[in-house]
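Chemist: Structure in structure tokens, see below.
The values are calculated or read from the model by the stated rules, or taken from the named source; none is laboratory data. Predicted model, so just to flag it, every value in this text is computed and none were measured. Every residue, glycine among them, receives a Cβ derived from its backbone with ideal geometry; neighbour counts consider all protein chains shown. Side chains included, ligands, DNA and RNA excluded: accessible areas come from the protein's heavy atoms. Shrake-Rupley method; radii C 1.70, N 1.55, O 1.52, S 1.80 Å.
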Number of protein chains: 2
Amino acid sequence: MAENDREITDCLAEEENASRVYASTHSHLESLTPSDRDGNSTQSSHRLLAYSDALLSIIATVMILPVAHTKVQDDEELNESLQQLLTTKIAVYLMTFLIVTVAWTAHIRLFQVIEQIDDCLALLNLACMMLITFLPYTFSLMATFPEKTLGILLFCTCVIVIGMIQAMIVVYGFSRPFLLNEQIQLSDNRPFYKWHILRVISKVPALCLFAIVFSFIFTPVSYILLAIVIFLPYISQTARWCYGKATGRLEQPVDSVLFYSYHPNEPLSKDRVEAFSDGVYAIVATLLILDICEDNVPDPKEVQDRFGGNLVEALKGFGPEFLAYFGSFATVGLLWFVHHSLFLHVTRATRLMGLLNTFSLAFVGGLPLAYQLTHRFARSSRNELEAVQISCVIIFLAGLFQLAIWVAALFSQSSTLHPYARYGGREHAFMFAKLALYPCVTLGTYTLTCIHSRFSASIFHLMEVSVPLAFLLLRLAVRTARGLLGLLLSAVRGARRGGVPENQISRRPLGEEET
Amino acid sequence: MAENDREITDCLAEEENASRVYASTHSHLESLTPSDRDGNSTQSSHRLLAYSDALLSIIATVMILPVAHTKVQDDEELNESLQQLLTTKIAVYLMTFLIVTVAWTAHIRLFQVIEQIDDCLALLNLACMMLITFLPYTFSLMATFPEKTLGILLFCTCVIVIGMIQAMIVVYGFSRPFLLNEQIQLSDNRPFYKWHILRVISKVPALCLFAIVFSFIFTPVSYILLAIVIFLPYISQTARWCYGKATGRLEQPVDSVLFYSYHPNEPLSKDRVEAFSDGVYAIVATLLILDICEDNVPDPKEVQDRFGGNLVEALKGFGPEFLAYFGSFATVGLLWFVHHSLFLHVTRATRLMGLLNTFSLAFVGGLPLAYQLTHRFARSSRNELEAVQISCVIIFLAGLFQLAIWVAALFSQSSTLHPYARYGGREHAFMFAKLALYPCVTLGTYTLTCIHSRFSASIFHLMEVSVPLAFLLLRLAVRTARGLLGLLLSAVRGARRGGVPENQISRRPLGEEET
């Protein structure tokens, strides 16, 4: 070992720029660390936001657990009372997901105004997080006991306290202007901004206060108010758009900090959309292994008694669980991969793209459940067919919403996409192929299972295996297709126009040393 | 709403630098997105690594679930057969944590060599992650059935396949040099580096191959080999240190890429240590709410039958769980806060600091369990006292290892710490106070519970409430203490030396407008 190292040292003596690179890394690190302004130590908010994103993404997906752990017996028909229970639980999951993403969006906006933090803000933010993590529980209480006021009370109290903490963060931030966004910091209208932001923040708690009052008088009004809370950003956006259309006043893009930070149309921070999505993908990918690690280690005594000490025999019963795990991990991983590729081409995320991303993530959360169902029923039973088809629909929708993010980005491509990914750009066709792969494959699988319903599970397994391979070979396939298309087009045009070679397509690198 | 916006637009017309700031954000985003080299689209590996860190941190903590969900009856003595079961499970948890962190360290080293990725590497990395997530299960199988070879076989096969995938990543990376670390890319000795790195990677799979062979001959040898696998980095580090001491040859710090990336003493990437720690803190903070959301929503029928429809009454039974949740969330959050503050001052993490961080995180993982125990037993019972004391010990150790990270950083402070956090620096005393708070408080609580064992739970609750307050007031307290100390010192010296004012300490900002 030591000899080895000496050898390397000699080899590396000639590397001149080693220390130069280190120095640049070093200065990069330094830029992330606290600066000193007016004797107060301020810190970059980067890590605080990453931690908040991790917490929020876990909380957003937590309500899938009651769905996933619903006991489904093999002999029971999926279409009975169980179905109703599942529907309720799935509705709770989807609503929780929306609620948490609304809270997350508010959190993004808040920390687009306050860009530096100090210890006090970090602690206030942690308190805020604690209350947000409690929201799913209060909501599921509300859904289980819709006629009781306790659920509404708890939920609204949480929201009001969160609003109060956010207001405290704003007031604290404005009392220490060096913590603020540079533009607000340099502006003369700071008090105006402060009151404007506080007014925006107070809207949701005010609605919740009304909901509490009405919960004692007439509960349905409370629920309507809470629905408004969740959909307020989208309602107001639509209303403003309609108003704009009706009065003929087109919205002009205003490059100002308040439009950037407290406006329903504002773009979301791309970094935070990525961090939140990563969190959701990570927790969903590992949901099944959490169960497997906990439940699927057989009891030594039972193995001795029932299987005569044969461990392999005892583990065979868990086979479907392992298959489900690998299938769901691979699917979630590949959907993450598509998402990752997509956001490499995105320069900033609009509000609509954020919403579509939320929908896509919400379906991704349902995947482990779907995969578990496909392996739980007897071969070739009607339940199995249904489970396989439900899985196909979930993957299809998750993929479709990813595709929709891209379409939404294409609509305002000059501000949202890199030049080479725009329509007709170098990476355009390849990106489209990546995004279309899952929707196409699942649509095909669904159709096949309808025709050959007896082999539904086999078809599904075949899909599971073939998709990763398809991703590996995708670039090659797209290049071949584009090359062929280019040849075809040039042949057609050449025949029509009389021999002017079309080299716009063939000029692009087609098969250089890469698979 | 629209009127409001027009008002804001007017206000912001004077903001000149709005577009400038946007432009700088924009260029920052652009730097994160794919660059085009030789017609291949390479991507920054940043997000891939963040996702891997999220997956690995969840997997590292997953084995705490079987510990946390062990059924503990109130009437049972903690010191019986249950204790043995718990000990086994805790040992499995700690070993899994170590195994996953070893895999994580290997992953860091690999992607310190390969700095750019493309689609193929991203997919290979996902395959690698999938196998790593399976390691905890194989290990717990091994621990439950120590005399069977199946566990060893599965574990070793996983490790060998992971090693093969890593080797593929290295070979692929070296065949496309633009993906590599800049220094290796520019070096003349690339083939040598390649073989050296492959040799390092192949060590662990080779040991596992031997372990498989020996598992059929004589199992204990296999276990010894596996223990070597896990502790190899630490053993070789210690051996080299001893060898260096024995031969009197002091290790000189070599600023070379191979020492930076394939050497037991190499520093770890600070970003990745932070990302991994964030993941562990986030998943641990939410572990209890996962259970609460799933189990603690009462059944409507049961509420009607047993509590006469009184929901509040029905929820009262879950009170201890909620208290445990808030207690553990606050403690984990504050430990995260301390960790965050510490790493703001750290410029780079040595291997030793990484190891201490791992130990600290391993204890943090035990917190939810400890908190749940403190609320599960009858008031003033012997079990309750033990549970409270165990919680104190866990928090104490988690805090102590954080303190140890700082001490380790102080030993080589010129390369690991920012100037103002070094010994005698501006932030030194405050950082020390933050790190020492939890160990001191828990030590105090432990001592108090020994004396007043009847009030153990009350003392513990008092601690839970007082610690967040202590953090808020800590800066004030430290400044007051330093101010008093400064006054005292200057008075003493003034009396001794005859009136030369000591202004070294009082020159520092002591009470400016901050709490």
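Chemist: If I model a spin label at B:THR70 and A:TYR423 as a point 7 Å from the Cα along the Cα→Cβ vector, what separation in nanometres do I get?
Modeler: Inter-label distance under the simple model: 6.3 nm.
Chemist: A:ILE235 accessible area, nearest 10 Å², 1.4 Å probe?
Modeler: Looks like 90 Å² after rounding.
Chemist: Defining a contact as two alpha carbons under 8 Å apart and six or more residues distant in sequence, what relative contact order in percent does the stretch A:340-470 show?
Modeler: That works out to 30 percent.
Chemist: Estimate the FRET efficiency between A:VAL492 and A:TYR234 by the formula 1/(1 + (r/R0)^6), using the beta-carbon distance for r and 51 Å for R0, to the nearest 0.05.
Modeler: 0.65
Chemist: Which sequence of A:VAL393, A:VAL465 reflects their accessible areas, 1.4 Å probe, from the largest down?
Modeler: A:VAL465, A:VAL393
Chemist: Quick one: accessible surface of A:THR138, probe radius 1.4 Å, all protein chains present, in square angstrom to the nearest 10.
Modeler: 0
Chemist: Could you size up the charge dipole of the stretch A:72-177 around its Cα centre, putting +1 on the beta carbon of Lys and Arg and -1 on that of Asp and Glu, and report it in debye to the nearest 20?
Modeler: Magnitude of the dipole: close to 660 debye.
Chemist: Right, here's the next one. Largest first, how would A:ARG47, A:ARG382 line up by accessible area (1.4 Å probe)?
Modeler: A:ARG382, A:ARG47
Chemist: Hey, for A:PRO191 with labels 7 Å out along Cα-Cβ, what do the inter-copy distances come to in nm, ordered shortest first?
Modeler: Result, one decimal in nm: 7.6.
Chemist: Right, something else. Find the relative contact order for the stretch A:83-187 and round it to a whole percent, using C-alpha pairs within less than 8 Å whose residues are 6+ positions apart.
Modeler: In percent, rounded to a whole number, it is 35.
Chemist: With every protein chain left in place, what is the accessible area of B:LEU268 in Å² (1.4 Å probe, nearest 10)?
Modeler: Counting only protein heavy atoms, B:LEU268 exposes about 10 Å² to solvent.
Chemist: Report, in listed order, any pair from B:LYS203/B:LYS245; A:LYS301/B:LYS148; A:LYS148/B:LYS301; A:LYS301/B:LYS89 with a Cα-Cα distance greater than 19 Å.
Modeler: From B:LYS203/B:LYS245; A:LYS301/B:LYS148; A:LYS148/B:LYS301; A:LYS301/B:LYS89, over 19 Å: B:LYS203/B:LYS245.
Chemist: May I ask for the distance between the Cα centers of the stretch B:114-132 and the stretch A:435-459, given as a whole number of Å?
Modeler: 27
Chemist: Label-to-label distances across copies for B:LEU489, with labels 7 Å out along Cα→Cβ, in nm, shortest first?
Modeler: 7.6
Chemist: Mind ordering A:419-429, A:104-114, B:356-366 by average Cβ neighbours within 10 Å, highest first?
Modeler: Averaged packing, sorted descending, gives the order B:356-366, A:104-114, A:419-429.
Chemist: What distance in nm separates the simple spin-label points at A:LYS316 and B:SER414, each placed 7 Å from Cα in the Cβ direction?
Modeler: 6.7
Chemist: Quick one: net charge around B:GLN402, please, counting Lys, Arg +1 and Asp, Glu -1 for every other residue with C-beta under 14 Å from its C-beta.
Modeler: 0
Chemist: Can you give the mean number of other chain Cβ atoms that lie within 10 Å of the Cβ atoms in peptide A:188-194?
Modeler: 2
Chemist: Can I ask one more? Let me confirm one metric for peptide A:298-311, namely the mean number of other chain beta-carbon atoms within 10 Å of its residues' beta-carbons.
Modeler: 2
Chemist: Among residues other than A:TYR234 whose Cβ falls under 12 Å from its Cβ, what is the net charge (Lys/Arg +1, Asp/Glu -1)?
Modeler: Its environment carries a net charge of +2.
Chemist: Can you tally the net charge around B:LEU315? Count Lys and Arg as +1, Asp and Glu as -1, for every other residue whose Cβ sits under 14 Å from the Cβ of B:LEU315.
Modeler: Neighbourhood net charge equals -2.
Chemist: Shortest first and in nm with one decimal, please list how far the A:PHE210 label point sits from its counterparts in the other copies (point 7 Å along Cα→Cβ).
Modeler: 7.4
Chemist: Okay, moving on. If you plug each phi of the stretch B:49-66 into the Karplus form 6.51 cos²θ - 1.76 cosθ + 1.60 with θ = phi - 60°, what whole-Hz ³J(HN,Hα) values come out, in order, with x for Gly and Pro?
Modeler: Here the 3J(HN,Hα) series is 5, 4, 5, 4, 4, 4, 4, 5, 5, 5, 5, 4, 9, 5, 6, 6, 4, x Hz.
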